[in-house]
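The block underneath contains the structure these notes are about, expressed in structure tokens.
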Amino acid sequence: MADKLSIVMYSGTADKFIPLGVLSQAAAAMGTQVEIFVTGFALRGFTEQKQELPFPAEFAALAPALGHGMQQAKVASWDKMLRQAKDLGAKIHACSMMSEVMGLQLGDFNDLVDDMVGAATFLKEAEGGQVLFI
């Protein structure tokens, strides 16, 4: 595995936040540097005001069974997984341009977000590592 994993988190649907948590936590636990760039509709999931993340229409009927299965298997929520990844050194950056477009400032984000950076800064941080787009 690469020494660095950078994830661009764009999607604002609940089904995408679960793999963000799983991959971030796993990579950080393996000693990999993890950088997450949150942009687009995903920014809503990181605001101070808790927002219900929707499931895509084609998966909405499956959402209750997924939630139940995760509870039964004692799978941590996506944000708890991200907190564990952060405890291991992962960094979460909000996209400054999309934040501005959506009328969000750094103070509008919850404590998972470390800072606001532009795309060029994130790309420089991602250089030399593996990049995933969710």
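Annotations
- Residue match in region 23-30 (condition: at pLDDT below 95 and either in contact with a His (Cβ under 8 Å, 6 or more places away or on another chain) or not aliphatic (A, V, I, L, M) (or both)): no
- Scan of region 30-54 for residues that are in a loop (DSSP other than H, G, I, E, B), farther than 15 Å from D115 by Cβ and among the polar types (S, T, N, Q), ordered by number: T32, Q49, Q51
- Considering residues of region 1-16 that are buried (at least 19 other Cβ atoms within 10 Å of the Cβ) and more than 10 Å from the chain's Cα centre (by Cα) only, the residue modelled with the lowest pLDDT: A14
- Pairs where the first residue, in region 57-72, is closer than 15 Å to K16 by Cβ and touching a residue at least 24 places away in the same chain (Cβ under 8 Å) and the second is assigned to a helix (DSSP H, G or I) and of a type outside the set (F, W, Y), C-beta under 7 Å, 6+ apart: F59/D15
- Among the helices (runs of 4 or more DSSP H) confined to region 57-102, the ones with at least 1 residues that are at pLDDT below 90 and exposed (fewer than 14 other Cβ atoms within 10 Å of the Cβ) are located at 63-72.
- Take the conditions (1) touching a residue at least 24 places away in the same chain (Cβ under 8 Å); (2) over 15 Å from the mean Cα position of the chain (by Cα); (3) more than 17 Å from A27 (Cα to Cα); V113 misses just one of them, which is (2).
The values are calculated or read from the model by the stated rules, or taken from the named source; none is laboratory data. Values in this document were obtained by computation on a predicted structure and should not be read as measured data. Please note: Cβ atoms are built from the backbone with ideal geometry, for glycine as well, and neighbour counts cover all protein chains shown.
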